[in-house]
Amino acid sequence: MLTHLRANWPVLCAILFFLTLVALIGPWSEIPLNDDWQYAHFAKTLAESGTFRVDVPVAPSVIGQSLLAWPVIRIFGFSHLALRMLTLALSVLILVELDYLLAIGAVGAAVRFTALSLVVANPIFLHLSTTFMTENYGYVVALLAACIWFRGKKTESTSLAIVAATVAGLSFWIRQFSALVFPALLLAEWIASGANLRNGRGIF
């Protein structure tokens, strides 16, 4: 247990830092904090009627986000605060995903903590984490795809690579640009394989 805590102290401390800042901000009001009222409206309509109805002008896909919010609304009823708590939980998961990717890249613990703390202290990340805006919902799915991809690469699992591609594709239905994660992974692998071949190390 202590060994596990010591190994994961960067992300645990970053999460504590994040929760401390959120507590200081105090985003507990039962009102929308941005144009996230539109996305909350979609999620409410889907949860209550089972129909996804686009009746306000928005740019993001929103479908995946509404599906993630569906059980929250069904269990607790519609509440801007409940949806905000869901976003906060997913924002914590974003930090876990980022830490996993940094650890996979053999980044040192101190650097991991610094990087995660910079993400936490970013006003944009903090603001998005305390709303029902779509960005963090798209990021959490896209980063999950990246984590699965590198896990599959580590275990040489073709099935995990397929799962990663599928999850990355699904992120399109939350925020369209998140689907660019998988092409970026393929491009990075292609560049890395070229460098490995030039250095005589082979592709893996």
**OP:** Classify segment 26-125 as rounded, prolate or oblate from the Cα gyration tensor: take a ≥ b ≥ c as the square roots of its eigenvalues, call it rounded if a/c is under 1.5, otherwise prolate when a/b beats b/c and oblate if not.
**Re:** prolate
Subject >> Spin-label model distance (nm) - residue 107 vs residue 177, 7 Å beyond Cα toward Cβ >> reply: 1.9 nm
**OP:** Please identify, among 95, 67, 187, the residue showing maximal mean-square fluctuation in a Gaussian network model of the chain using a 10 angstrom Cα cutoff.
**Re:** 187
Original post:
Which longest uninterrupted range of the chain lacks any GluC sites (Glu not before Pro) assigned by DSSP to a loop state (not H, G, I, E or B) and surrounded by at most 10 other Cβ atoms within 10 Å?
Top reply: 31-155
Original post:
Can you tell me the accessible area per residue over the chain, all protein chains present, probe 1.4 angstrom, in square angstrom?
Top reply: 54 Å²
**OP:** Using the Karplus curve 6.51 cos²θ - 1.76 cosθ + 1.60 with θ = phi - 60°, work out ³J(HN,Hα) for each residue of segment 17-22 in order, rounded to whole Hz, and write x for Gly and Pro.
**Re:** 4, 4, 5, 5, 5, 4
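Just the number, please: carbon plus sulfur as a percent of the accessible area of the chain, 1.4 Å probe, no ligands or DNA/RNA counted.
Values: 7900 of 11000 Å².
In the chain, the share of accessible area belonging to carbon and sulfur is 72 percent.
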Original post:
With each pseudo-label sitting 7 Å past Cα toward Cβ, what's the residue 49-residue 6 distance in nm, one decimal?
Top reply: 5.8 nm
**OP:** Using label points projected 7 Å from each Cα along Cα→Cβ, tell me how many nm separate residue 37 and residue 151, to one decimal.
**Re:** 4.0 nm
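The values are calculated or read from the model by the stated rules, or taken from the named source; none is laboratory data. The model shown is predicted, which means the values in this text are computed figures rather than measured ones. Cβ sites come from the backbone with ideal geometry, for glycine too, and all protein chains shown count toward neighbours. The accessibility values were calculated without ligands, DNA or RNA, using every heavy atom of the protein model including side chains. Shrake-Rupley method; radii C 1.70, N 1.55, O 1.52, S 1.80 Å.
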